[in-house]
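The values are calculated or read from the model by the stated rules, or taken from the named source; none is laboratory data. As the structure is a computational prediction, the values presented were derived from the model and not from experiment. Neighbour counts are summed over all protein chains in view; Cβ atoms, including those assigned to glycine, are modelled from backbone coordinates with ideal geometry. Protein only, heavy atoms only, side chains kept; ligands, DNA and RNA dropped before computing areas. Shrake-Rupley method; radii C 1.70, N 1.55, O 1.52, S 1.80 Å.
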Amino acid sequence: MKEFIFVSDFDGTMSERDFYHIIMEKYLGQWGKELHASWKRNEMEDVEFLSTVFKSINRTKEEICEDILSIKIDEYIPAFIEYIKSAGGDFLILSAGTRYYIERLLAFKGIQEIEIISNEGKYENKGVTLLPPDTYHPFYSRRHGVDKAKVVQSLKQKYKKVYYAGNSRPDVNAALLADIAFAKGKLITLLQAKAAEHVPFKCFFQVEEFLKNRELI
């Protein structure tokens with residue numbers, strides 16, 4: 001059994017904003033706001049909402065790539081990943097978005113050899129199409145495409161410690177299963193409501209300092 005793994009959500013956790021927010025504000029106008037409101041009323045699953053947003057971009061592949069490369073991420077992330085690896089741990093990105101933009105942005109930032117579990121996507125008809133999730137996959141989720149809790153549960157069979165970082169509702173159950181949950185944004189309130197232990201943070205430098213000070217790594 002390996003010593004530890006650090007698992008992180010991407011949108012809003014590693015990045016400053018969710019990619020779908022960027023796309024909605026830039027291209028979808030009032031229709032995008034109505035679509036978002038419909039999703040918030042639980043009239044569609046998360047994966048259906050994201051699929052609708054991404055396939056409606058109506059831009060060339062090159063233009064979409066420019067939007068992807070404009071995504072701002074925590075500047076300390078490369079150093080944090082190196083810290084985790086140098087301590088003998090693994091680092092995993094676990095996202096209910098799509099690896100289509102995650103892989104391109106990581107490559108642009110020079111972040112290499114990072115495992116990503118996310119929904120598959122491809123450029124098609126001037127947008128990004130999310131491929132239908134495999135219903136037979138062990139991590140399948142009808143709502144999110146990827147069930148983050150199932151992933152963490154699987155990792156707990158392989159690692160002595162699983163650390164998790166997230167920022168929103170899809171991260172709750174995964175955070176509850178982790179040995180230590182690091183929370184941003186809405187996830188803080190959601191975990192507080194469950195009286196669940198967690199470590200609030202704003203940047204990954206703070207996460208590293210916590211792990212060092214507690215001599216957890």
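Centre-to-centre, using Cα atoms only, the stretch 104-129 and the stretch 32-96 are separated by 9 Å. Less than 12 Å Cβ to Cβ from residue 166, Lys/Arg counted +1 and Asp/Glu -1: what total charge do the surrounding residues give? After counting each charged neighbour, the total is +1.
Overall, the anisotropy analysis places the stretch 164-214 in the prolate class: the square-rooted eigenvalues a ≥ b ≥ c of its C-alpha gyration tensor yield a/c not less than 1.5, with a/b exceeding b/c. Working from Cα pairs under 8 Å separated by at least six residues, relative contact order for the stretch 89-217 is 14 percent.
At a 1.4 Å probe radius, carbon and sulfur cover how many percent of the accessible area of the chain? Here it works out to 48 percent.
Note: the stretch 50-163, Cα convex hull, 111 Å³ per residue. The coefficient of translational diffusion for the chain, derived via Stokes-Einstein from the alpha carbon Kirkwood radius under 4 °C and 1.567 mPa s, stands at 73 µm²/s. Each helix, a run of at least 4 DSSP H residues, gives -39500 (n - 2.57); summed and divided by the residues of the chain, these come to -11500 deg cm²/dmol at 222 nm.
Residue 65 sits with roughly 50 Å² accessible to a 1.4 Å probe, with DNA, RNA and ligands left out of the calculation.
Averaging 1/r over every pair of different alpha carbons in the stretch 119-217 and inverting the result gives a Kirkwood radius of 15.1 Å. Here the gap between residue 142 and residue 123, fully extended at 0.36 nm per residue and compared with their Cα-Cα distance, gives a gain of 4.6 nm. Electrostatic bookkeeping for residue 64 treats Lys and Arg as +1 and Asp and Glu as -1; over the other residues with beta carbon under 13 Å from its beta carbon, the sum is +2.
Taking every protein chain into account, the accessible area of the chain amounts to 52 square angstrom per residue (probe 1.4 Å). Packing order of peptides 137-148, 72-83, 104-115, 164-175, highest average first: 164-175, 137-148, 72-83, 104-115 (average count of other Cβ atoms within 10 Å over each peptide's residues). The Rg/Rh ratio of the stretch 16-108, with Rg taken over Cα atoms and Rh as the Kirkwood radius over Cα pairs, comes to 1.04. Pairs from the list 33/186; 2/150; 126/150; 72/160; 150/186 with a Cα-Cα gap above 25 Å: 126/150; 72/160.
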